[in-house]
1. If a residue must be over 20 Å from residue 358 (Cβ atoms) and either not assigned by TED's automatic domain parsing to the domain that holds residue 25 or not aliphatic (A, V, I, L, M) (or both), how many such residues does the range 70-124 contain?
2. Somewhere in the range 75-82, is a residue touching a Phe, Trp or Tyr at 6+ places or on another chain (Cβ under 6 Å), part of a helix (DSSP H, G or I) and within 20 Å of residue 232 (Cβ to Cβ)?
3. Being touching a strand residue (DSSP E or B) at 6+ places or on another chain (Cβ under 9 Å) and within 27 Å of residue 389 (Cα to Cα) is the filter; apply it to the range 267-293 and report the residue that is surrounded by the most Cβ atoms within 10 Å (Cβ to Cβ).
4. Confirm whether residue 151 is closer than 30 Å to residue 382 by Cα and in a helix (DSSP H, G or I).
5. What number of residues within the range 267-314 are touching a Lys or Arg at 6+ places or on another chain (Cβ under 7 Å) and either within 30 Å of residue 57 (Cα to Cα) or assigned to a helix (DSSP H, G or I) (or both)?
6. Which one of the conditions (1) buried (at least 22 other Cβ atoms within 10 Å of the Cβ); (2) under 24 Å from residue 359 (Cα atoms) does residue 20 fail to meet, given that it meets all the rest?
7. If I filter the range 417-452 down to residues being of a type in the set (Lys, Arg) and surrounded by 11 or more Cβ atoms within 10 Å (Cβ to Cβ), which single residue comes out as farthest from residue 405 (Cα to Cα)?
8. Any chance the range 326-342 includes a residue that's touching a residue at least 24 places away in the same chain (Cβ under 8 Å), farther than 30 Å from residue 269 by Cβ and in contact with a Cys (Cβ under 9 Å, 6 or more places away or on another chain)?
Amino acid sequence: MEYRIEHDSMGEVKVPSDALWGAQTQRSFENFKIGEEKMPKEIIHAFGLLKGAAALANRALVPKRMSDEKSAAIVKAAERVASGALDASFPLAVWQTGSGTQSNMNANEVIANYAARNLGVTLHPNDDVNMSQSSNDTFPTAMHLAAVIAVKERLLPAIDEAIRVLCRLEQENEGFVKSARTHLQDAVPIAFSQEIYGWRGLLCEAKAMIENSLAPLSSLAIGATAVGTGLNAPKGFGDAVAKILSEKAGHPFVSAENKFHALSSKDAFVFSHGALKALAANLLKLANDIRWLASGPRVGLGEISIPENEPGSSIMPGKVNPTQCEALTMVAVQVMGNDTAIGVAASQGNFQLNVFMPVIAYNYLQSVKLLADGLTSFVKNCLVGVVANREKMKENLDRSLMLVTALNPHIGYENAARVAKKAYAENLSLKEACLALGYLTKEEFDAVFHPETMV
């Protein structure tokens, strides 16, 4: 491999000759060979948006320091970063400095070198590309940008599609009565459409929680520079950058009012990821409900059928498993684990800066991606193909002893309990048991016992 010599404040560094990064990126690449987790591409692309916006703000606020030529070059190079065209130039690990300084410098160096090689404009990574900024306010800003964009453009559409499918299933099964279950035991009747409506509520409520959590994430640290005082940034810089970012990203962002809080606290991520965890918990419940109802095909509940996507066993011929349900439940478990990591990391805001930011960003964005992809796969390969086995539902409903609840107003709770116990012990119908005990006549029983009215 051929190398070139780059330098930073610590001296000279050998960098691969074809690499767009510089000395500080190379140092980090060599010093943090930990794991295989790389800085998420969403963070890199957010840095592209941010650096372009910062250049435009600097041109407007400090024109003596930021010329039209330099600003235009930074914007053009930053657009390449934001588009993903230069992803290969960002090799750094998540496990680096907790402030994300090296990833900020990675962006600065790539933009400067791209401008020199492709635009003929000489830029200094610190003095020009990083003008009016610090890693301490750019990395949290990039985190917030990436989080909001990922949720709005990736996760929320996946939730909406799942809700649409559930609405269709509700309509198709409107009013068909089946047995409900509580504690995994038989309960009073429910319409299958009502059960599906409950599933839809899982997604609608979680979506509302996630949307409500985006407001704190839309408040940006930019303009705080190193410790929250705004040192070396012109007045109004944070507001100007936030306005430009709102236009470029297509989502509203504001400059954080309390910059000291913006640097030292990551409570916005704790709050928002809590909503993601709520979605994960609801999806786990939904997936479990569906695989329970689809259990069988002959010795399970068997009240619904789901698509048969692949063979389920290497030894049992013809076996088919609820694999999409299993995948979604594993996604949910991973998101719950990520929530613990984010909560612990967010508690480490010592003095003026939280230094666990890369791991917070990595886990948050992984949760968004897993939830979006997992839900999309589940809807496409399972939920759309759910079909009610109405004969089995009716069979189970007719055998349910909890239909006896309809008799409570007429014979009382204790007598109704005696009916249920006699029916169970002697393998009788509820009607046979009730008549045998002499609580109602045949005509009286028929007049009051209508399971379809119990929903």
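The values are calculated or read from the model by the stated rules, or taken from the named source; none is laboratory data. This structure is a prediction, so every number in the text was calculated from the model and none was measured. Here the Cβ is made from the backbone with ideal geometry for all residues, glycine too, and neighbour counts use every protein chain on show.
1. The number of residues fulfilling the criteria is 13.
2. Taking every residue of the range 75-82 in turn, none turns out to be touching a Phe, Trp or Tyr at 6+ places or on another chain (Cβ under 6 Å), part of a helix (DSSP H, G or I) and within 20 Å of residue 232 (Cβ to Cβ).
3. Once the filter is applied, the top-ranked residue is 293.
4. Answer is yes for this residue.
5. 0
6. (2)
7. Residues of the range 417-452 that are of a type in the set (Lys, Arg), as a first pass: 418, 421-422, 431, 442.
If we keep only those that are surrounded by 11 or more Cβ atoms within 10 Å (Cβ to Cβ) as well, we get 418, 421-422, 431.
On the way: 418: 12, 421: 13, 422: 15, 431: 13 Å.
The extreme case among them is 422.
8. no
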